[in-house]
1. Please work out how much accessible surface K691 shows to a 1.4 Å probe, ignoring ligands, DNA and RNA, in Å² rounded to 10.
2. Which of the lysines could be linked to K90 by a straight reach, that is with a Cα gap under 20 Å, when you skip same-chain ones fewer than 8 residues away?
3. Based on the alpha-carbon set only, what is the convex hull volume of segment 629-719 divided per residue, in Å³?
4. Hey, what's the Kirkwood Rh for segment 563-682 if you take every pair of different alpha carbons, in angstrom?
5. Can you give the convex hull volume per residue for the Cα atoms of segment 40-184, as a whole number of Å³?
6. Full-extension gain between D588 and L24, please, as 0.36 nm times their residue separation minus the C-alpha to C-alpha distance.
7. I'm a student and want to see the number: the projected area of the Cα convex hull of segment 174-268, averaged over all directions, in nm².
8. If I take the Cα coordinates of segment 253-379 and project them onto the principal axes, what are the three extents in Å, biggest first?
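The values are calculated or read from the model by the stated rules, or taken from the named source; none is laboratory data. Remember, it's a predicted structure, so these values are computed and weren't measured experimentally. A quick note on method: Cβ atoms are made from the backbone with ideal geometry, for glycine too, and the neighbour counts reach across all protein chains shown. Protein only, heavy atoms only, side chains kept; ligands, DNA and RNA dropped before computing areas. Shrake-Rupley method; radii C 1.70, N 1.55, O 1.52, S 1.80 Å.
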Amino acid sequence: MDGLLIVSNRLPVTVVRRKGKIYLQPSVGGLATGLSSVLRKYNTLWIGWPGIEIENSEEDLGARMKSEGLYPVHLSKGEVNGYYHGFCNKTIWPLFHSFSQYTVYNENWWSAYKKVNEKFLDVITEIAKPEDIIWIHDYHLMLLPNLLRKEMPEARIGFFLHIPFPPFEIFRLLPWRKHLLEGILGADVVGFHIYDYVQNFLQCVHRLLGYEHELGMLIVGDRVVKVDAFPMGIDYNKFENIANSPEVEEEVKKIHKKLGGRKIILSIDRLDYTKGIPLRLEAFDTFLEKYPEYIGKVTFVLKLVPSRTRVEHYVQLKKYIDELVGKINGKYGDIEWTPVQYIYRFLPLEKLVALYRAADVALITPLRDGMNLVAKEFVASKIDGKGCLILSETTGAAFELVEAIVVNPNNKEKVAEALKMALEMSEDEQIQRVRAMQERLRRYNVEKWADDFIQELNKIKEVQQEFSTKYLMRELGKLLEDYRNSSKRLLLLDYDGTLVPHVDDPRKAEPDEELMNILAELSGDQRNTVVIVSGRDKKTLEEWFENLNVDLVAEHGAAVRKDGEWKSIESTDDWKESIRQVFELYVDRTPGSFIEEKEFSIAWHYRKANPELGKCRAAELENVLMSLVAGTDLNILRGDKVIEIRKAGVDKGRAALEWLSDDWEFILAAGNDVTDEDLFSVLPENSYSIKIGFSPSRAKYYLKSVYELRNILKKLQKL
């Protein structure tokens with residue numbers, strides 16, 4: 001079996017100290033329960049915080065835990081306060097749920113968060129084997145994937161976020177936003193519950209780090225990262241079996257008897273401001289006001305699980321909920337009927353499932369929720385198919401459980417109407433809706449969720465391995481040897497993004513002293529012919545390289561200087577005016593973009609524009625230009641953050657034929673974007689064609705950066 005390392009904030013057991021003794025209790029609910037059926041398929045170890053400080057005298061407990069596959073990460077009280085109670089609960093939790101008004105930004109908490117992620121790293125690197133799958137979970141450990149990537153470059157690393165990922169306008173408020181994105185992108189596969197969160201994440205990555213995606217695939221350095229939606233399921237059979245048990249059957253009868261056979265509206269949540277509990281109670285109040293015929297005939301069972309009792313917002317929330325419950329019960333209740341039955345404590349799973357079975361309606365209306373498994377548990381427990389689910393449109397579950405009555409949790413009138421609709425729905429319709437949801441939940445259960453994620457992780461590693469075989473540094477020795485043994489060599493070198501890094505303003509990308517020295521040394525060797533194959537105009541290239549013995553290709557092949565003589569295509573510029581007018585319109589509509597006019601072409605640059613807007617405008621512009629140039633001898637050239645119009649029949653490949661007609665013992669060609677693919681396509685089979693950057697290409701090899709290419713060129717100049 002493959003080794004699987006599950007890494008989460010908490011272990012799947014709770015460590016309890018009573019009267020000086022330590023006890024291990026299985027955790028109820030959450031990730032541990034969800035993954036219990038999955039873990040049996042793998043040789044699994046679980047890494048996490050045990051929940052308390054383990055003292056030196058309790059070392060035997062650590063040994064006992066390790067014997068059960070549990071590896072504790074020991075945290076001090078101060079670290080727990082800063083990392084967990086501070087950064088996780090008071091910074092990330094509210095911000096990621098779009099409650100920016102509750103978010104606290106504290107540098108000390110951030111330092112604690114970094115330190116704790118590093119502590120998790122230390123434990124993982126002690127026990128992880130190269131072939132292991134490492135699956136990191138949730139917002140507590142967003143720095144960990146990249147920390148681990150640096151220590152174990154070849155590891156299979158997955159990351160799954162169980163809460164929403166916020167839109168860019170919310171996420172950008174975080175001072176440490178880039179650090180968290182870079183941390184997450186250390187994983188090979190990044191998973192979210194729904195596609196909306198995927199889109200939010202990809203937009204943030206694009207806007208803040210500049211990475212563009214293709215069908216959820218990102219090229220990060222020399223790796224492929226897959227970002228996708230994996231809606232987490234439940235252990236469906238477990239809930240169905242418990243619901244069928246005689247104990248639950250008996251408990252259901254007790255509930256109905258206690259509540260006098262009234263209709264039951266059930267609400268189950270952890271105490272949290274993201275759950276919209278006060279609004280839910282107010283909606284029930286509105287329901288009784290609007291439909292007084294239900295007074296005395298329905299009971300609202302509100303079950304809350306205590307949570308984060310040390311956080312002030314939660315203390316205030318609990319007080320307000322208590323007051324609302326009292327107000328509603330005082331307003332409508334009498335000796336025989338209490339409208340709201342309020343349960344504020346943990347319940348055993350069997351009693352919880354009995355509540356699911358007994359309820360006529362489940363009212364689950366969080367203001368924001370990553371998934372909400374309670375909704376799925378309720379549906380799975382309905383073995384007779386009777387019952388109705390009212391679900392907030394702002395939960396991840398709403399995208400799967402489409403047969404539920406989906407509501408806006410902020411619209412109390414509509415929630416009240418949904419309650420009436422649910423209570424009056426025919427049994428046939430209830431059963432039809434519930435059975436459809438059950439079939440979906442049975443098929444895509446928690447085991448399928450985990451299997452899908454791990455399969456995707458294995459597929460991406462195969463893609464990584466395929467790409468890694470093209471990394472030139474793995475065959476650098478052969479390249480150097482072939483260069484050394486040859487006496488007639490051709491070097492075809494693109495400029496922007498290949499010999500120099502891209503800059504926001506292409507006019508400021510003149511060659512630096514190091515590059516000029518490299519080119520001078522290489523072109524000074526009589527065995528070498530060096531050609532700068534660029535999209536730059538003739539004048540710029542002549543100014544920059546006038547003192548070097550290099551040949552030049554300008555404007556992607558529109559003009560060629562060989563042996564000091566320029567040859568250009570015959571061209572008129574009467575077409576430029578109409579193109580310029582279109583480009584000017586898009587400059588006005590895209591702040592940061594600008595026009596570059598050359599002798600044989602005209603280009604619209606958007607590197608300095610907002611990345612999302614630039615990408616959108618570029619797609620629009622390309623569509624406009626396609627109709628404009630149809631039937632003409634003009635071509636559209638889509639480069640790296642630039643769209644250029646030039647005469648047809650002009651490209652770097654055709655220009656390179658000026659030199660390729662000779663016999664060469666060694667050919668090296670390097671480029672970085674789509675304009676260089678024409679060059680790569682005409683090279684002889686034994687050439688060294690190199691793409692700068694890790695992406696699909698006709699080139700045989702790739703390098704990670706301009707600086708890797710420069711280092712290779714420096715090695716060549718010494719041979």
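1. K691 exposes around 10 Å² with every protein chain in place.
2. K77, K114, K115, K178, K275, K318, K319
3. Working: hull volume 10.9 nm³, N = 91.
About 120 Å³ per residue, rounded to a whole number.
4. Details: mean 1/r = 0.0629 Å⁻¹.
One decimal place: 15.9 Å for the Kirkwood radius.
5. Cα convex hull per residue, to the nearest whole number: 118 Å³.
6. Result: 196.5 nm gained on full extension.
7. The Cα convex hull of segment 174-268, projected and averaged over all directions, gives 10.2 nm².
8. 38, 31, 22
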